[in-house]
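The structure's right below; bear with me while I get my questions together.
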Amino acid sequence: MDLESDSRSSFPPLSENIDAQPKDVAKELEQTPEIETEKLAEARNAYPELSLPFASDTSEFETTNDSRKNQQDALIKELQDRLMSQQLQIDQVFNRLKPKKPIRKPVKQFKPKPRPAIAPFSLVSVDQWGSESYAVFRYQGQLVELTIGQAIEQWTVEDMNRAAGVVTLKNQSGERKVLSIQS
């Protein structure tokens, strides 16, 4: 009795279109221990997807897979460390290449001295009539007599020195002006 003929007679014949049912063929081949290993090897070579590890090979496959995963994880970590180191070096180079901003010294603000206000009148004389002192000013072609505390054109007479011929005036902004007799 031929082993090959007996095994084929106990199973349904293989279909001519073997591409349509590769998984069924592999199951049949695995369940038939009487089939020669050469026939099984030929079927696996013809259909590489059939050569996947079987249940008995899973522990070896898992061990191999775990070791590969660990190797890949270690490689990824090493590459990430290298990348971080290179990024730090690049940042340092950029920092050295950046133009340094000059230190600005504070600029002193130049404030021009305010021009002294010009009184629109001139001092003609400082007189004393009785116990009262008067300053005589020429204003718009007229002579105007003022005592201490009186004002002309927003200028108030603050002080008079008859002997020196000088009168001190103060305007509304607080500026003082000393006028002397003009000849």
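The values are calculated or read from the model by the stated rules, or taken from the named source; none is laboratory data. Keep in mind that this is a model prediction, so the values were computed, not measured. Glycine also receives a Cβ, built like all others from the backbone with ideal geometry; neighbour counts cover every protein chain displayed. In case anyone asks, the SASA skips ligands and DNA or RNA and just uses the protein heavy atoms, side chains included. Shrake-Rupley method; radii C 1.70, N 1.55, O 1.52, S 1.80 Å.
Pairs please, first residue from the range 168-183 and farther than 19 Å from R138 by Cα, second anywhere and at pLDDT below 85 and open to solvent by less than 100 Å² (accessible area, probe 1.4 Å), Cβ atoms under 8 Å, 6+ apart in sequence or on different chains.
Sorted first by the residue in the range 168-183, then by its partner, the pairs are S173/A117; E175/P116; E175/A117.
Go through the residues of the range 111-129 one by one and say whether even a single one is assigned to a strand (DSSP E or B), small (G, A, S), surrounded by 10 or more Cβ atoms within 10 Å (Cβ to Cβ) and over 60 Å from the mean Cα position of the chain (by Cα). Show your work before the answer.
Applying the first criterion (assigned to a strand (DSSP E or B)) to the range 111-129 yields 122-129.
Filter once more, so that each one left must be small (G, A, S): 122, 125.
With the extra rule that they be surrounded by 10 or more Cβ atoms within 10 Å (Cβ to Cβ), the set shrinks to 122, 125.
Then keep just the ones that are over 60 Å from the mean Cα position of the chain (by Cα); that gives 122, 125.
Taking every residue of the range 111-129 in turn, at least one turns out to be assigned to a strand (DSSP E or B), small (G, A, S), surrounded by 10 or more Cβ atoms within 10 Å (Cβ to Cβ) and over 60 Å from the mean Cα position of the chain (by Cα).
Filtering the range 130-166 down to residues that are of a type in the set (A, V, I, L, M) and in a loop (DSSP other than H, G, I, E, B), which residue is nearest to L179 (Cα to Cα)?
Checking each candidate, the answer is A164.
Within the range 89-109, does at least one residue satisfy the condition of being within 30 Å of L179 (Cβ to Cβ), free of Cβ contacts under 8 Å to residues at least 24 places away in the same chain and open to solvent by less than 100 Å² (accessible area, probe 1.4 Å)?
No; the residues of the range 89-109 include none that is within 30 Å of L179 (Cβ to Cβ), free of Cβ contacts under 8 Å to residues at least 24 places away in the same chain and open to solvent by less than 100 Å² (accessible area, probe 1.4 Å).
So, one more: Name the one entry in S85, S131 that is assigned by the TED database to the domain that holds G149 and either farther than 30 Å from T156 by Cα or among the small types (G, A, S) (or both). Walk me through it before giving the result.
Working: S85 fails: assigned by the TED database to the domain that holds G149.
After applying the criteria, what remains is S131.
Please identify the pairs in which a residue from the range 140-165 that is more than 11 Å from F121 (Cβ to Cβ) and touching a residue at least 12 places away in the same chain (Cβ under 8 Å) has its Cβ atom under 6 Å from the Cβ atom of a residue that is among the basic types (K, R) and surrounded by 11 or more Cβ atoms within 10 Å (Cβ to Cβ), counting only partners at least 6 apart or on another chain.
Correct list of pairs: T156/K170; E158/K170.
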